[in-house]
Amino acid sequence: DLSADNKRLTYAWRLRFKLLHNAKKFHTQSDWLMFWFVMFTLFSTWAAVFYTYILAKGEDIERLTPERLELAEEVLLKANLLLPLVATIVRCIFSILSPLNKYNVLKDAAAQIESEIYMYRSKVGQYNPRRAQISSNSDESKDGQVGMTDATQPRMMFSSALDAIVSSATDGELKNASLETPADMKGILDEINARIYSNVEEQNAYLEQM
């Protein structure tokens, strides 16, 4: 019925929005980790250059007293030891968390879900009522039993497709990751429901022509 379709489509849109929300989170995490890796690498290079310069011509710089020269050498030496270490740690964290890979997986899964939504709403591909009827009649002739109704079979295929997409996404890079649900989904859900209700007459008109 219409209520079941609304709930199913709302769930699908909500799932897509959740995946995109987490994809954005991982993308931000990736940007920040890469930013700090680049910054620590630049600081490390800067410290190495200045340390070499201080060792070579530090005594020729008039403003540097022996005490300041010794302090500068000590600070730059510690920087040369610590900054590459910190940069390596940040790079290791980036590799372990692999936020960019998680972003790509979630982005791809959200696109697949959106594709399934539009195919289901348009009644094309595997969700075509004629195709479902042919498949149902074929099952009935093979088993000698009454198959699923034309309306039920596409719904079950749609639910199975969503489960398969989410399962495929969470079994790989996201196996040990947790996905958070956005705190406020009211706005996006209102928009989704408005789209679903506004398209009911169009869908019914299309089905009557089949």
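Out of everything in the range 59-102 that is of a type in the set (A, V, I, L, M) and not in a helix (DSSP H, G or I), what residue ends up being surrounded by the fewest Cβ atoms within 10 Å (Cβ to Cβ)? Checking each candidate, the answer is Ile61. Selection within the range 160-180: residues that are of a type in the set (A, V, I, L, M, F, W, C) and either outside any loop (DSSP other than H, G, I, E, B) or out of contact with any Leu (no Cβ under 8 Å at 6 or more places or on another chain) (or both). The member of this set that is nearest to Ser98 (Cα to Cα) is Ala177.
Matching residues to (1) in contact with a Ser or Thr (Cβ under 6 Å, 6 or more places away or on another chain); (2) modelled with pLDDT under 90:
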{"site": "Thr65", "(1), (2)": "no, yes"}
{"site": "Leu69", "(1), (2)": "no, yes"}
{"site": "Leu81", "(1), (2)": "no, no"}
{"site": "Pro99", "(1), (2)": "yes, no"}
{"site": "Ala111", "(1), (2)": "no, no"}
{"site": "Arg131", "(1), (2)": "no, yes"}
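Might you check whether a residue that is under 30 Å from the mean Cα position of the chain (by Cα), in a helix (DSSP H, G or I) and among the charged types (D, E, K, R) occurs anywhere in the range 115-123? Yes, the range 115-123 contains a residue that is under 30 Å from the mean Cα position of the chain (by Cα), in a helix (DSSP H, G or I) and among the charged types (D, E, K, R).
Among residues of the range 110-123 that are within 23 Å of His21 (Cα to Cα) and in contact (Cβ under 8 Å) with a residue 12 or more places away in the chain, those with a Cβ under 6 angstrom from a residue that is among the charged types (D, E, K, R) and part of a helix (DSSP H, G or I), sequence gap 6+ or separate chain, pair up as Ala110/Arg16; Ile113/Arg16; Glu114/Arg16. Just to be sure before I move on: is Lys7 surrounded by fewer than 16 Cβ atoms within 10 Å (Cβ to Cβ), assigned to a helix (DSSP H, G or I) and of a type outside the set (Val, Ile, Thr) in the structure I sent? Yes, satisfied. Within the range 152-168, residues that are more than 14 Å from Arg121 (Cβ to Cβ) and touching a residue at least 40 places away in the same chain (Cβ under 8 Å) reach partners that are in a helix (DSSP H, G or I) and open to solvent by 50 Å² or more (accessible area, probe 1.4 Å) with beta carbons closer than 8 Å, at six or more positions or on different chains, in the pairs Ser159/Arg8; Ile165/Gln112.
Taking the conditions (1) of a type outside the set (Gly, Ala, Ser); (2) under 30 Å from Leu100 (Cα atoms); (3) without any contact (Cβ under 8 Å) to a residue 60 or more places away in the chain; (4) surrounded by fewer than 16 Cβ atoms within 10 Å (Cβ to Cβ) in turn, Val49 satisfies each one other than (2).
Taken over the range 19-66, the residue count meeting the criterion of being among the hydroxyl-bearing types (Ser, Thr, Tyr) and under 20 Å from Leu81 (Cβ atoms) is 6. Candidates are the residues of the range 18-39 that are open to solvent by 60 Å² or more (accessible area, probe 1.4 Å) and under 12 Å from the mean Cα position of the chain (by Cα); the one that is farthest from Thr88 (Cα to Cα) is His21.
The values are calculated or read from the model by the stated rules, or taken from the named source; none is laboratory data. Small disclaimer: the values here were computed from a predicted structure and weren't measured. Cβ atoms come from the backbone with ideal geometry, glycine included; neighbour counts cover every protein chain shown. SASA here: full protein model, heavy atoms, side chains in, ligands and nucleic acids out. Shrake-Rupley method; radii C 1.70, N 1.55, O 1.52, S 1.80 Å.
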